[in-house]
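The values are calculated or read from the model by the stated rules, or taken from the named source; none is laboratory data. Please read all numbers here as calculations on a predicted model, not as lab measurements. Every residue, glycine among them, receives a Cβ derived from its backbone with ideal geometry; neighbour counts consider all protein chains shown.
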Amino acid sequence: MKILVCISKAPDTTAKIAFTDSDTKFDENGVQFVVNPYDEWFALVRGLELKEANGGTVTVINVGGADNDPIIRKALAIGADDAVRIEAETIDALYVAKQIANYAKDQAYDMILSGKETIDYNGSQVGGMIAELIDAPYISLASKLDMSGSVATIEREIEGGVEVVEVNTPFVLSASKGMAEARIPNMRGIMAARSKPLNVIPASEASNSTSIKGFTLPPIKSGCKYVDADNVEELINLLHKEAKAI
Amino acid sequence: MSILIYADSSNGSLTKNAFEAANYGAQLAEATGTDVFAIVTGSSSDLEVLGNYGVSKVLHASDASLDNFDPQKIAYVVAEAAREINADTIIFSHDYTGKAVAPRLAAKLDAGLVTGAIALPNGNLVKKAVFSGKAFAEIEISTSTKIISVLPNSVDKIETGGAAEVSSFSVDIPSTGVTVKEVKKASSELSLTEADIVVSAGRGLKGPENWGMIEELGGVLGAALACSRPVADIGWRPHHEHVGQTGIAIRPNLYIAAGISGAIQHLAGVNGSKVIVVINTDSEAPFFKAADYGIVGDAFEVVPKMIEAIKKLKSA
């Protein structure tokens with residue numbers, strides 16, 4: 001099985017969110033970056049499990065500059081066989097998808113996996129875009145992936161349940177919780193990651209279609225209205241009359 | 001130039017999100033003085049109802065093959081419809097269907113896409129939540145064709161009354177790769193992402209055997225149940241109840257949390273809630289900073305009293 005896993009760099013979940021350059025750029029000062037959790041815990045780990053069960057390779061791909069290399073090495077430490085980094089700025093999702101599709105289209109991957117969205121831009125777009133660009137089927141928000149030969153049986157989240165679908169390789173999938181359990185790299189994995197291939201390739205000609213003009217922070221909540229624990233009826237009264245929530 | 005709205009349906013009926021997307025598109029059409037259409041795929045009925053949300057023209061691509069959900073097919077049909085009506089703006093809901101179809105369509109048309117819009121566009125600028133709801137970004141779309149998916153429960157709906165004119169839209173649909181084998185729905189349970197009220201609990205409840213009162217509170221409110229990540233991880237509650245940064249993000253009108261401290265990752269899943277109520281014994285619990293109403297107290301005493309008070313309210 002030849003598996004490609006798309007990984008993105010994201011700020012760690014506890015990072016303080018602030019902006020610089022007149023609120024046009026995310027302030028990276030003091031921020032710890034990680035592999036986007038959905039990419040790492042769900043897409044990458046499932047890819048590794050399938051490789052371990054069926055043989056083959058898992059390649060991780062990332063679009064970005066050299067400061068992404070540490071998180072790429074983390075993915076290698078968890079067990080990916082090799083990595084490709086496309087030296088390009090991540091201008092927008094369509095641009096990133098074009099970069100990955102231009103690379104992947106000649107590589108005959110059985111499947112391209114990504115996480116369902118990144119925790120910084122919450123786009124939930126790149127997987128679907130790649131699928132369209134390489135003319136492959138796409139299953140989004142998948143919580144289960146099983147392979148039998150070249151047939152994939154996938155559970156996809158829908159409102160109030162799941163849909164079970166079948167598709168032949170090659171396909172593209174975005175992974176959601178339930179797909180796999182996070183793995184912690186062991187010492188051997190970390191040592192091996194240092195010498196696994198990390199190929200940096202140039203960006204291909206591509207255009208973007210959107211750009212971020214600026215950021216704002218949400219208005220500070222006006223403050224919690226406290227109700228005494230002995231006066232629970234008052235809470236219900238407030239929710240009914242004031243908040244009109246019940 | 002016109003606006004095309006993809007109106008999703010499930011089990012033969014238009015979804016709640018379809019009406020939101022329709023009204024978003026209708027409001028935009030009104031503001032920009034453009035024509036607006038909806039496109040519905042598959043065998044659904046009662047499509048005239050879209051007229052009540054400001055969309056008077058509906059294209060119905062009723063080919064049965066479209067009932068087998070494959071975003072590749074739907075993107076194809078929407079692209080054909082967009083071409084037919086000369087659409088320069090295409091609207092989806094940012095829900096399970098929109099997340100599958102909109103990106104395919106964007107790549108197909110080489111069109112700028114903004115997912116999870118929280119307000120009507122301002123010219124080419126579309127606002128969305130980023131960093132899991134901790135900030136907002138203004139995104140500029142530079143292409144002439146724009147695709148916007150609307151974050152559910154973000155833009156108030158305006159009902160206009162009236163029925164839409166539904167016409168059949170026929171298109172040769174290519175065969176594509178995904179086959180739906182089975183749909184498994186927990187039909188008895190209210191879907192967490194669609195629920196107006198959500199009742200949630202966490203480690204403060206001390207053990208899975210104590211959830212009866214949470215289920216009862218959910219029952220009297222007609223609410224869906226949610227939980228924090230730790231209690232899902234240790235198996236006290238099913239995984240599908242986990243709301244948070246790596247679980248599900250919800251935007252109900254009312255979110256009641258008992259025995260949850262309110263870690264950043266949990267907040268990221270619920271910060272879109274209109275009203276947040278927090279019950280916790282710890283007055284320093286960070287969740288109170290995000291709450292609209294709070295009780296510092298023991299959930300085991302407070303929740304039963306809430307149930308009684310709600311029952312009294314409902315019988316009055």
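Can you name every residue in segment B:262-316 that is closer than 22 Å to B:Glu215 by Cα and assigned to a loop (DSSP other than H, G, I, E, B)?
Of all residues in segment B:262-316, those closer than 22 Å to B:Glu215 by Cα come to B:262, B:266-267, B:269-270, B:273-281, B:287, B:291, B:293-315.
Residues satisfying the conditions are B:Gly262, B:Ser273, B:Lys274, B:Thr281, B:Ala291, B:Gly297, B:Asp298.
Identify all residues within segment A:72-116 that are surrounded by fewer than 20 Cβ atoms within 10 Å (Cβ to Cβ), closer than 17 Å to B:Asp110 by Cα and out of contact with any Leu (no Cβ under 9 Å at 6 or more places or on another chain); write none if there are none.
Residue satisfying the conditions is A:Ile91 alone.
Would you point out the residue of segment B:92-122, among those that are out of contact with any helix residue (DSSP H, G or I) (no Cβ under 8 Å at 6 or more places or on another chain), of a type outside the set (Gly, Ala, Ser) and part of a strand (DSSP E or B), that is farthest from A:Met129 (Cα to Cα)?
The extreme case among them is B:Asn122.
Which one of B:Val183, B:Val220 is touching an Asp or Glu at 6+ places or on another chain (Cβ under 6 Å) and within 14 Å of chain A (Cβ to nearest Cβ)?
Numbers: B:Val220 fails: touching an Asp or Glu at 6+ places or on another chain (Cβ under 6 Å).
Only one candidate qualifies: B:Val183.
Examine segment B:241-261 for a residue that is assigned to a helix (DSSP H, G or I), over 12 Å from B:Gly202 (Cα atoms), facing another protein chain (nearest Cβ under 9 Å) and not charged (D, E, K, R), and state whether such a residue exists. Steps first, answer last, please.
Step one: filter segment B:241-261 for residues assigned to a helix (DSSP H, G or I), giving B:241.
After this cut, where a residue has to be over 12 Å from B:Gly202 (Cα atoms) as well, the list is none.
The answer is no; no qualifying residue exists.
Here's the yes/no breakdown for (1) surrounded by 14 or more Cβ atoms within 10 Å (Cβ to Cβ); (2) charged (D, E, K, R); (3) assigned to a loop (DSSP other than H, G, I, E, B):
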position	(1), (2), (3)
B:Thr176	yes, no, yes
B:Glu182	no, yes, no
B:Val199	yes, no, no
B:Leu217	yes, no, no
B:Ala232	yes, no, no
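When you check A:Glu166 against the structure, is it facing chain B (nearest Cβ under 9 Å), out of contact with any Phe, Trp or Tyr (no Cβ under 7 Å at 6 or more places or on another chain) and over 28 Å from A:Ala75 (Cβ atoms), yes or no?
On the way: facing chain B (nearest Cβ under 9 Å): yes; out of contact with any Phe, Trp or Tyr (no Cβ under 7 Å at 6 or more places or on another chain): yes; over 28 Å from A:Ala75 (Cβ atoms): yes.
Taking the combined requirement at face value, the residue satisfies it.
Exactly one of these conditions fails for A:Ser204: (1) on the phi > 0 side of the Ramachandran plot; (2) touching a Phe, Trp or Tyr at 6+ places or on another chain (Cβ under 9 Å); (3) more than 8 Å from chain B (Cβ to nearest Cβ). Give me its number.
Failing condition for A:Ser204: (1).
Out of (1) over 30 Å from B:Gly259 (Cβ atoms); (2) without any contact (Cβ under 8 Å) to a residue 12 or more places away in the chain; (3) within 7 Å of chain A (Cβ to nearest Cβ); (4) of a type outside the set (D, E, K, R), the odd one out for B:Ile139 is which?
(2)
From the list A:Ile236, A:Ile158, A:Ile190, which one is touching a helix residue (DSSP H, G or I) at 6+ places or on another chain (Cβ under 8 Å), among the β-branched types (Val, Ile, Thr) and over 30 Å from B:His240 (Cα atoms)? Before the answer, list the steps.
Working: A:Ile236 fails: over 30 Å from B:His240 (Cα atoms); A:Ile158 fails: over 30 Å from B:His240 (Cα atoms).
Going through A:Ile236, A:Ile158, A:Ile190 in turn, just one is touching a helix residue (DSSP H, G or I) at 6+ places or on another chain (Cβ under 8 Å), among the β-branched types (Val, Ile, Thr) and over 30 Å from B:His240 (Cα atoms): A:Ile190.
Being exposed (fewer than 13 other Cβ atoms within 10 Å of the Cβ) and either of a type in the set (Phe, Trp, Tyr) or more than 11 Å from every other protein chain (Cβ to nearest Cβ) (or both) is true for just one of A:Ile184, A:Ile220, A:Ile190. Which residue is that? It would help to see each step written out before you state the result.
Details: A:Ile220 fails: either of a type in the set (Phe, Trp, Tyr) or more than 11 Å from every other protein chain (Cβ to nearest Cβ) (or both); A:Ile190 fails: exposed (fewer than 13 other Cβ atoms within 10 Å of the Cβ).
Exactly one residue qualifies, and that residue is A:Ile184.
(1) at pLDDT 95 or above; (2) touching a strand residue (DSSP E or B) at 6+ places or on another chain (Cβ under 7 Å); (3) within 14 Å of chain B (Cβ to nearest Cβ): which one isn't true of A:Asn102, the others all being true?
The single condition A:Asn102 does not satisfy is (2).
Of all residues in segment B:63-88, how many are out of contact with any strand residue (DSSP E or B) (no Cβ under 7 Å at 6 or more places or on another chain), within 13 Å of B:Val180 (Cβ to Cβ) and of a type in the set (A, V, I, L, M, F, W, C)?
To start, the set of residues in segment B:63-88 that are out of contact with any strand residue (DSSP E or B) (no Cβ under 7 Å at 6 or more places or on another chain) comprises B:63-65, B:67, B:70, B:73, B:75-76, B:79-80, B:83-84.
Then keep just the ones that are within 13 Å of B:Val180 (Cβ to Cβ); that gives B:64-65, B:67, B:70, B:73.
After this cut, where a residue has to be of a type in the set (A, V, I, L, M, F, W, C) as well, the list is B:64.
Counting residues in segment B:63-88 that are out of contact with any strand residue (DSSP E or B) (no Cβ under 7 Å at 6 or more places or on another chain), within 13 Å of B:Val180 (Cβ to Cβ) and of a type in the set (A, V, I, L, M, F, W, C) gives 1.
Go through segment B:262-290 residue by residue and tally those that are modelled with pLDDT under 95, facing another protein chain (nearest Cβ under 9 Å) and under 21 Å from the mean Cα position of the chain (by Cα).
Qualifying residue count for the region: 4.
Here's the yes/no breakdown for (1) closer than 23 Å to B:Arg237 by Cα; (2) free of Cβ contacts under 8 Å to residues at least 40 places away in the same chain:
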site	(1), (2)
B:Ala258	yes, no
B:Gly272	yes, no
B:Ile276	yes, yes
B:Val296	no, yes
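Taking segment B:239-254, which residues are touching a strand residue (DSSP E or B) at 6+ places or on another chain (Cβ under 8 Å) and within 22 Å of B:Ser93 (Cα to Cα)?
Initial filter on segment B:239-254 (touching a strand residue (DSSP E or B) at 6+ places or on another chain (Cβ under 8 Å)): B:240-243, B:248-250, B:252-254.
The answer is B:His240, B:Val243, B:Ile248, B:Ala249, B:Ile250, B:Pro252, B:Asn253, B:Leu254.
Looking only at residues in segment A:12-36 that are buried (at least 20 other Cβ atoms within 10 Å of the Cβ) and not aromatic (Phe, Trp, Tyr), which one is farthest from the other protein chains (Cβ to nearest Cβ)?
In the first step, residues of segment A:12-36 are kept if they are buried (at least 20 other Cβ atoms within 10 Å of the Cβ); the result is A:15, A:26, A:35-36.
Now drop any that are not not aromatic (Phe, Trp, Tyr), which leaves A:15, A:35-36.
Values: A:Ala15: 8, A:Val35: 13, A:Asn36: 10 Å.
The selected residue is A:Val35.
Exactly one of (1) touching a residue at least 60 places away in the same chain (Cβ under 8 Å); (2) within 14 Å of chain A (Cβ to nearest Cβ); (3) surrounded by fewer than 24 Cβ atoms within 10 Å (Cβ to Cβ); (4) part of a helix (DSSP H, G or I) is unmet by B:Ala81. Its number?
Every listed condition holds for B:Ala81 apart from (2).
Taking segment A:123-157, which residues are without any contact (Cβ under 8 Å) to a residue 12 or more places away in the chain, touching a Phe, Trp or Tyr at 6+ places or on another chain (Cβ under 8 Å) and more than 22 Å from B:Ser175 (Cα to Cα)? Let's see the steps before the verdict.
So the first thing to find is which residues in segment A:123-157 are without any contact (Cβ under 8 Å) to a residue 12 or more places away in the chain, and the list is A:132, A:135, A:146, A:148-149.
Subset that is touching a Phe, Trp or Tyr at 6+ places or on another chain (Cβ under 8 Å): A:132.
None; the set is empty.
Checking the condition among the polar types (S, T, N, Q), modelled with pLDDT under 95 and not assigned by TED's automatic domain parsing to the domain that holds B:Ile250, which residue from B:Ser93, B:Ser191 passes?
Working: B:Ser93 fails: modelled with pLDDT under 95.
Every option except B:Ser191 fails the conditions.
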